[in-house]
Each structure stands twice: as structure tokens, then as C-alpha cells.
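**Q** This structure is in C-alpha cells; I'll ask about it shortly.
Every number here is computed from the coordinates shown, using simple stated rules; none is lab data. Just so it is clear, the model here is predicted, and its values are computed rather than measured. Positions of Cβ are backbone-derived with ideal geometry, glycine not excepted, and every protein chain shown enters the neighbour counts.
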Amino acid sequence: MPKRILQGTVVSDKGDKTVVVNVERRFTDPVMKKTVRKSKRYHAHDESNDIKVGEMVTIRECRPISKLKSWEVVSGQGE
């Protein structure tokens, strides 16, 4: 099964080997017919600890690493 790939902005890097990535998606509301922005935060694994807040990163779905982490950083400005 293909792994999902998302792109977003890092909002926190306080955890050890963990970054929190805010992913925003835009879609048209089926009832209101208006474009809506919806965002979600994902905890992603960053093995090298070199990703900083504000960077655009690409994350990929992976096996569960901890209770909240089941995504890993594929690429970013820090790499």
C-alpha cells in the first residue's frame, strides 16, 4: 500500500527527535460552496534533530514509532 506524503510547516521542535508539523488543506464546502482552509498537526520523527521552527517539510506515513508519532520527515530546508 502506498504511503501518504504531506507537506507542511514546522510549528514546534521542542521534543527529542520529534517535530510538530502543521498541514493545511483547502477544499470547497459541499453545502456553502465556499473554499475552506482546514489544518491539522502531525507529530513526525526527525532522526537528526536539525529541522527548525518555520521550515517547510515533507512528511511520510510510517510504522508507529510512539503513541503520537507515525510520520517521518522526508525532506526539509535543514537537510
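**Q** Run down Arg37, Arg4, Arg60 and say which single residue is charged (D, E, K, R) and within 10 Å of the chain's Cα centre (by Cα). Talk me through it step by step, then tell me what you get.
**A** Working: Arg37 fails: within 10 Å of the chain's Cα centre (by Cα); Arg4 fails: within 10 Å of the chain's Cα centre (by Cα).
The conditions single out Arg60.
Quick grid of which residues meet (1) more than 12 Å from Ser12 (Cα to Cα); (2) of a type outside the set (A, V, I, L, M, F, W, C); (3) touching a residue at least 24 places away in the same chain (Cβ under 8 Å):
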{"position": "Arg37", "(1), (2), (3)": "yes, yes, no"}
{"position": "Ala44", "(1), (2), (3)": "no, no, yes"}
{"position": "Glu47", "(1), (2), (3)": "yes, yes, yes"}
{"position": "Glu55", "(1), (2), (3)": "no, yes, yes"}
{"position": "Ser75", "(1), (2), (3)": "yes, yes, no"}
